[in-house]
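S.K.: Starting off with a structure, shown below.
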Amino acid sequence: MLQCLAYLRELNMASIMVRLLCAMAFGGAVGIERGRKRRPAGFRTYMLVCLGAALTMLLSQYMVYMQTGPWAMQIHDLGLKNDVSRFGAQVVNGIGFLGAGTILVTGHQEVKGLTTAAGLWASACAGLAIGAGFYEGTVMCFALVFICIHIFPVFVERLLAHTRNMNIYVELESINNIGALTHLLHEQEIQIYDVEPDTGSAKSMRLPNATISLRLPKGMAHEIVLSGIAKLDCIVSVDEI
């Protein structure tokens, strides 16, 4: 087993094929969950990012091999000095632009895409590790990323459902109806941290709305708060953000 890993860490056709296949498989596996949720970056995006990163690291190793082997005399005669490790560093920096393109702020003032961007960055780093032949680290990293994306959300949703802090987005018939809403919240002994009203826009067909930060009494479920607000006649819609 150790001899096989040592062979695959060398720069040969078998190791190149294994590394690129691993990058395609691991990158695609991480992207499946994002694709199922219709996120901006999905199965193919993650696969391509991981493949590109792995190829970049292979290029670094290829350059080292050529500089210390077939090109050694020419490089010595020309006095060239190149740091080929910078290829990988540029991947880590450059992936930020792709990740930033997946982050957006919705009309509900909710930020989305952070998990997708972080997943892309992790996928690129995994591709670099695969390209370097660090198979053990890649497998462990993939397992942990898989747990973060597929298993942790279930526990996080249950945890957030019982927290006392809560942010809501409401659309109202008129901005003047905020008073009725805050009165209802005070009646339920809900503390209001912050209110960000928006009068809306006729051109963009946006209704008057507000983003409100709350602190609930101990033991009060989020669903009870949302259902109570929705019963007000002046409320068009209400969502937790």
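The values are calculated or read from the model by the stated rules, or taken from the named source; none is laboratory data. In this text, all values refer to a predicted model and were calculated from it rather than measured experimentally. Note that we place each Cβ from the backbone using ideal geometry, even for glycine, and neighbour counts take in every protein chain shown. Protein only, heavy atoms only, side chains kept; ligands, DNA and RNA dropped before computing areas. Shrake-Rupley method; radii C 1.70, N 1.55, O 1.52, S 1.80 Å.
S.K.: Using only the C-alpha atoms of the stretch 147-216, find the volume of their convex hull and express it per residue in Å³.
M.R.: Normalising the Cα hull of the stretch 147-216 by residue number yields 112 Å³.
S.K.: Can I ask one more? Taking R0 as 51 Å, what FRET efficiency do you get between Tyr62 and Phe155 from their Cβ-Cβ distance, rounded to the nearest 0.05?
M.R.: So, using R0 = 51 Å, E works out to roughly 0.75.
S.K.: Given 0.36 nm per residue, what is the gain on full extension from Arg44 to Met13 after removing their alpha carbon distance, in nm?
M.R.: So the chain would gain 8.7 nm between Arg44 and Met13.
S.K.: For the pair Cys148 and Ala89, what calculated FRET efficiency results from E = 1/(1 + (r/R0)^6), where r is the Cβ-Cβ distance and R0 = 30 Å, to the nearest 0.05?
M.R.: Details: r = 24 Å, r/R0 = 0.82.
Using R0 = 30 Å, I get an efficiency of 0.75.
S.K.: Would you mind checking the stretch 214-238 for residues with the amide N under 20 Å from a putative spin-label position 7 Å along Cα→C-beta of Glu187?
M.R.: The answer is 214-218, 220-238.
S.K.: I've got another one for you. Gly200's amide H: which non-local residues (gap 5+, or another chain) put their own amide H closer than 5 Å, with H modeled 1.01 Å from N in plane and none for Pro or chain starts?
M.R.: Asn209
S.K.: I'd like to check one number: the per residue accessible area of the stretch 128-173, probe 1.4 Å, reported in Å² as a whole number. Mind showing how you got there, number by number?
M.R.: Working: 2720 Å² over 46 residues.
So the stretch 128-173 comes to 59 Å² accessible per residue, rounded to a whole number.
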